[in-house]
Amino acid sequence: MDFPRAWLTTAALALTAASGAWAQGSDFPSKPVTLVTPFAAGSGPDAVLRLVSDKLARLWNQRVVVDNKPGGGGFIAIDQARRAAPDGYTLLQLDSEHVAALPHLYKSRNFVTLQHFDPVASLFRTPFFVAVGTDSKWKTMADLIASAKAEPDAIVYGSWGVGSPGHLGAQQLEALTGIRMRHAPYREVSQLYSNVGTGEVPWAFASIPSSQGIYKAGKLRYIAVAAPKRIPQMPDVPTMAEAGGPASLEVNSFVSLLAPKGVPPAVKAKINADVAKVIADPEIRARFDTFAFEPLAWSPEEIERNAQAKSKVYGELVRRGNISLE
């Protein structure tokens, strides 16, 4: 007689806990939500986040505030979000480099992003193109690689900072082809592509939003996209393999929302589902198209798997190039 009573008590407790967890998710949010971002106001990721926040605010019937905290290599935003309660009311927008590269670039900080934050929802992935000046003699990746092989350590490439996808992507190109080049990091993205357009810097990886002004002015050409398939917004730009580069070279960055560790699973699941619903909105899809952003609807587990895969690649490139931001 005691066994059934004990079993029923355990089952009742489990049901109560499950009901409580479900209620946590179904009641969320009951107050305003803050989205902290390391990206500056007006940037591509910021523009997307503001669209997403507006749609979420309507869906949730709560204010969703974007809080821009640029600078410090992302650590200003990270530190602010890290101090927040793990309840889902403070989320952090990070790109895959903040998640996967920072631990390798700031060794002495002993900071591993995914030890402090849980992935919650994915937003988009952006591909990177190889940009050269309109008057460049290079028409293909094969041309660029041949020049770099003929003049080791002579060819200069630019990027928007040490440890950026543009820097690490070029490091990967070197590793795959055996060439050696020199890196010129820039603080101002607009200045970088202006200098590529004039030929002062021979080439750089570029996203659509970061380089479109110079491209539309007729000063840039894209000779390849570092992706396995052509990009619909730029159908005439060949893939890396089609342009004579290494087929395995993929340079992209994905952007996600994370939360301080410990957010209730039901809340995490609700945020993931609602962000996916918002990302599917035609207005947001149309905005993504202008940036050549690929919408993503990954689960938290998929975000973590992709981040870990990037971390492995970045760790090897950082060690190979002896790269540090300290």
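What are the ³J(HN,Hα) couplings of the stretch 123-133, residue after residue, when phi is run through the Karplus curve with 6.51, -1.76, 1.60 and θ = phi - 60°? Round to Hz, x for glycine and proline.
Coupling constants for the stretch 123-133: 10, 7, 10, 10, x, 10, 9, 8, 9, 10, x Hz.
Can you work out the Karplus-derived ³J(HN,Hα) for every residue in the stretch 29-40? Use 6.51 cos²θ - 1.76 cosθ + 1.60 with θ = phi - 60°, whole Hz, and x for glycine or proline.
Each residue's phi maps through the Karplus curve to give x, 10, 7, x, 10, 10, 10, 8, 9, x, 8, 5 Hz.
Would you mind counting up the charge near residue 109? Only other residues with Cβ under 14 Å from its Cβ, with Lys and Arg at +1 and Asp and Glu at -1.
0
So if each residue of separation counts as 0.36 nm, and I subtract the Cα-Cα distance between residue 30 and residue 302, what length gain in nm does that give?
So the extension gain works out to 95.1 nm.
What does the net charge come to around residue 180 if you take all other residues with beta carbon closer than 10 Å to its beta carbon, with K and R at +1 and D and E at -1? Please list the in-between numbers first.
Values: positive: 149, 182; negative: 151, 153, 174.
Overall, the nearby charge balance is -1.
Please give the contour-minus-distance gain from residue 65 to residue 40: 0.36 nm per residue of separation, less the Cα-Cα distance, rounded to one decimal in nm.
Full extension from residue 65 to residue 40 adds 7.5 nm.
By how many degrees, between 0 and 90 and to the nearest 10, does the Cα long axis of helix 282-291 differ from the longest principal axis of the chain?
30 degrees
Quick check: pseudo-label points 7 Å beyond the Cα along Cα→Cβ at residue 326 and residue 58, how many nm apart are they?
4.7 nm
Can you tell me which of 274, 236, 54 moves the most in a GNM of the chain? Springs connect C-alpha atoms under 10 Å apart.
Maximum among the listed residues: 236.
Given a 10 angstrom Cα cut-off, can you work out which residue in 224, 146, 170 is the most mobile in a GNM of the chain?
Most flexible of the set in this elastic network: 146.
So how tilted is helix 165-177 from the main axis of the chain? Cα-based, degrees 0 to 90, rounded to 10.
60 degrees
Can you tell me which lysines have their Cα less than 20 Å from the Cα of residue 219? Leave out same-chain residues fewer than eight positions away.
In chain and number order, the partners are 137, 139.
Restricting to the chain, what percent of DSSP beta bridges are antiparallel, rounded to 5?
Approximately 60 percent, going by the DSSP bridge assignments.
Considering every pair of different Cα atoms, what Kirkwood radius, in Å, is found for the chain?
Details: mean 1/r = 0.0472 Å⁻¹.
Result for the chain, one decimal place: 21.2 Å.
Accessible area of the chain with a 1.4 Å probe: how many percent of it is carbon plus sulfur?
53 percent
Quick check for you: with a 1.4 Å probe and neighbouring chains kept, what is the accessible area per residue of the stretch 104-251, in Å²?
42 Å²
Go ahead and run the numbers for FRET between residue 108 and residue 234, Cβ-Cβ distance against an R0 of 45 Å, rounding to 0.05. Numbers along the way, then the final one.
Numbers: r = 40 Å, r/R0 = 0.90.
That gives a FRET efficiency of 0.65.
With an 8 Å cut-off on Cα pairs and a minimum separation of 6 or more residues, tell me the relative contact order of the chain in percent.
27 percent
Expected output is a single nm value to one decimal: the length gained when fully extending between residue 241 and residue 216, i.e. 0.36 nm times separation in residues minus the C-alpha distance. What is it?
6.5 nm
Round to the nearest 10 and give me the degree value, 0 to 90, for the angle of helix 44-60's Cα axis relative to the longest principal axis of the chain.
Tilt relative to the chain: about 20 degrees.
In nm, to one decimal, how far is the residue 134 label point from the residue 182 one, both placed 7 Å along Cα→Cβ?
Taking the simple label geometry, residue 134 and residue 182 are separated by 2.8 nm.
Quickly estimate the mean residue ellipticity at 222 nm for the chain, helices only: each DSSP H run with n ≥ 4 gives -39500 (n - 2.57), and the total goes over all residues, rounded to 500. Mind showing how you got there, number by number?
On the way: 13 runs with 153 residues, N = 326.
Only helices count here, giving -14500 deg cm²/dmol.
The values are calculated or read from the model by the stated rules, or taken from the named source; none is laboratory data. Just so it is clear, the model here is predicted, and its values are computed rather than measured. As a convention, Cβ positions derive from the backbone with ideal geometry for all residues, glycine included, and neighbour counts pool all protein chains shown. Heads up: the accessible areas ignore ligands, DNA and RNA and are worked out on the full protein's heavy atoms, side chains in. Shrake-Rupley method; radii C 1.70, N 1.55, O 1.52, S 1.80 Å.
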